[in-house]
Amino acid sequence: MDTSTGLPVVGMVGGGQLARMTHQAAIALGQSLRVLAVGEGEAAGLVTAAVAHGHHTDLDALRTFARGTDVLTFDHEHVPGEHLRTLVDEGVVVRPGPGALAYAQNKLLMRERMASLGLPNPAFVEVTQASDAVTFGEDHGWPVVLKAATGGYDGKGVWQLGSADEARVLVPELLDAGVSLLLEERVPMVRELSALVARSPFGQGAAWPVVETVQSEGINTEVLAPAPGLSEERMQQAQDLALRIAEELDVAGVMAVELFETSPGGGNSDSGLVINELAMRPHNSGHWTMDGSRTSQFEQHLRAVLDYPLGTTDPLSPTVMANVLGAPETPTMSVDERLHHLYARYPDVKVHLYGKGERPGRKLGHVNVLGPVDETTRAKARMAAHWLSAAEWPDGYSIH
Ligand SMILES: Nc1ncnc2c1ncn2[C@@H]1O[C@H](COP(=O)(O)OP(=O)(O)O)[C@@H](O)[C@H]1O
Ligand SMILES: [Mg+2]
């Protein structure tokens, strides 16, 4: 508890953009987010006064950081579970708890748990030698999808295996490097969806409209909220699925269930949904909620981990979100000048920048555009994001 305000203190491990935007929401709740950042100048460390420096794999750093916080939560899933269990034993309130978080940290564990709950999974197998992959590929058909069980993000840690020969080369290489592996059948999908929910320790659940996520080179770069053309029935099924997972795993906080939609439409007994992976924190697929929903995912995450009643998740408007990625070549025009031109052209585009240095492919920010999820709104969002990253208008628009 903060003795000067009488309000709780939330500590977030990780100083990236999710912590930065959680701090933005914390301010409105009268709080200052406390952040544990690895290095100086990280996205969240730049904006909260309560930043501590230390590594998330260092138990003592975690312990010191947790002191004086009412609840410990996360901007990423890289804190070792054993450290979290130690902290819990020492009386620290950790949300989501290590028992739940394990399923966002380890994709093999997650697959096994989803299978035991009878929830829609692709075929999968643990891989401890090349022959496991060869057998699985022959049984399920090439290509198959090889994944690092832990530590992957933005497509790093996911490999398509096209043949037995490829498996015989790549699998031993990764195993030798100490990567634990699983294999999944390649799911034939029409698109990717995300069902974002929140759950409080009291057991309250809330679901946002299900969104479509568009990936480019393994990175989610565009979000359509709600997913266009998704039937009411399938929307409901996806929300129920995510709320059920949150309940079964005893999740506290925001959770995204990344889904594959395997058939168009919906409305038959086969839900047409397959689980991809879980994230137990605010998620890229929920950035649209900052402008497009009554309650943003960041506010909701705080409310959930503090066991406050949850906020309504009604959309204010359909929204398109586009990520701003670092351009292959950093433009000479300053970000400041890019913003001037962007705002001049599109006064209605909402910009969220993370305060990060520009590097090719790095997530530097996102834009939200409120409006019908159609080609016009999508083109505007993509155009705005591209302008901010590359300082060029793909449609040849002249800035003068
Ligand atoms: N079993 C699968 N079948 C088809 N595509 C897949 C499969 N698993 C992953 N992918 C593709 O790879 C992307 C990244 O995989 P994911 O497990 O979500 O890794 P990350 O942790 O990097 O987000 C997914 O968004 C999807 O496009
Ligand atoms: Mg993913």
**OP:** Would you check which residues across region 359-378 are part of a helix (DSSP H, G or I) and either out of contact with any strand residue (DSSP E or B) (no Cβ under 9 Å at 6 or more places or on another chain) or acidic (Asp, Glu) (or both) and list them?
**Re:** Glu375, Thr376
Original post:
Considering region 7-36 alone, what residues qualify as being of a type in the set (Gly, Ala, Ser) and either in contact (Cβ under 8 Å) with a residue 60 or more places away in the chain or in contact with a helix residue (DSSP H, G or I) (Cβ under 8 Å, 6 or more places away or on another chain) (or both)?
Top reply: Gly11, Gly14, Gly15, Gly16, Ala25, Ala26, Ala28, Ser32
**OP:** Could you figure out which of (1) in the same structural domain as Asp139 (by TED's automatic domain parsing); (2) over 15 Å from the mean Cα position of the chain (by Cα) isn't true of Gly155?
**Re:** (2)
**OP:** Search region 114-125 for residues that are within 18 Å of Gln239 (Cβ to Cβ) and part of a loop (DSSP other than H, G, I, E, B) and pair each with any residue that is at pLDDT 95 or above and within 16 Å of ligand 2 (Cβ to nearest atom) when their beta-carbon atoms are under 8 Å apart and the residues are at least 6 apart or on different chains.
**Re:** Leu117/Ile245; Leu119/Ile245; Leu119/Ile275; Pro120/Met114; Pro120/Leu273; Pro120/Val274; Pro120/Ile275
Subject >> Segments classed as strands (runs of 3 or more DSSP E), wholly inside region 135-193, with at least 2 members that are away from ligand 2 (no atom under 16 Å from the Cβ) and crowded, with 16+ Cβ neighbours inside 10 Å >> reply: 181-185
Subject >> Of all residues making up region 194-234, the number that are free of Cβ contacts under 8 Å to residues at least 40 places away in the same chain, among the polar types (S, T, N, Q) and within 16 Å of ligand 2 (Cβ to nearest atom) >> reply: 1
**OP:** Search region 21-50 for residues being surrounded by 21 or more Cβ atoms within 10 Å (Cβ to Cβ) and touching a Gly at 6+ places or on another chain (Cβ under 7 Å), and hand back the single one that is farthest from Arg63 (Cα to Cα).
**Re:** Ala43
**OP:** Scan region 150-166 and report the pairs whose first residue is within 23 Å of Thr135 (Cβ to Cβ) and among the acidic types (Asp, Glu) and whose second residue is assigned to a strand (DSSP E or B) and near ligand 1 (Cβ under 10 Å from one of its atoms), with Cβ atoms within less than 9 Å and a gap of 6+ or a chain change.
**Re:** Glu166/Trp159; Glu166/Gln160
**OP:** Would you be able to tell me the number of residues in region 312-339 that are over 22 Å from Arg362 (Cα atoms), surrounded by fewer than 19 Cβ atoms within 10 Å (Cβ to Cβ) and of a type outside the set (A, V, I, L, M, F, W, C)?
**Re:** 4
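The rows are residues; the columns are (1) in contact with a helix residue (DSSP H, G or I) (Cβ under 7 Å, 6 or more places away or on another chain); (2) more than 16 Å from ligand 1 (Cβ to nearest atom).
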{"residue": "Leu196", "(1), (2)": "yes, no"}
{"residue": "Gln204", "(1), (2)": "no, yes"}
{"residue": "Ala207", "(1), (2)": "yes, yes"}
{"residue": "Gln215", "(1), (2)": "no, no"}
{"residue": "Ala238", "(1), (2)": "no, no"}
{"residue": "Ala242", "(1), (2)": "no, no"}
{"residue": "Ser271", "(1), (2)": "yes, yes"}
{"residue": "Asn276", "(1), (2)": "no, no"}
**OP:** Tell me, please, whether a residue that is under 25 Å from Pro282 (Cβ atoms), assigned to a helix (DSSP H, G or I) and under 23 Å from the mean Cα position of the chain (by Cα) can be found in region 305-321.
**Re:** yes
Original post:
Based on what the data block shows, is Thr221 under 21 Å from Met21 (Cβ atoms) and not small (Gly, Ala, Ser)?
Top reply: yes
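The values are calculated or read from the model by the stated rules, or taken from the named source; none is laboratory data. Just so you know, these numbers come straight off a predicted model, no measurement behind them. Using ideal geometry, Cβ is built from the backbone for each residue, glycine included, and neighbour counts are taken over all protein chains shown.
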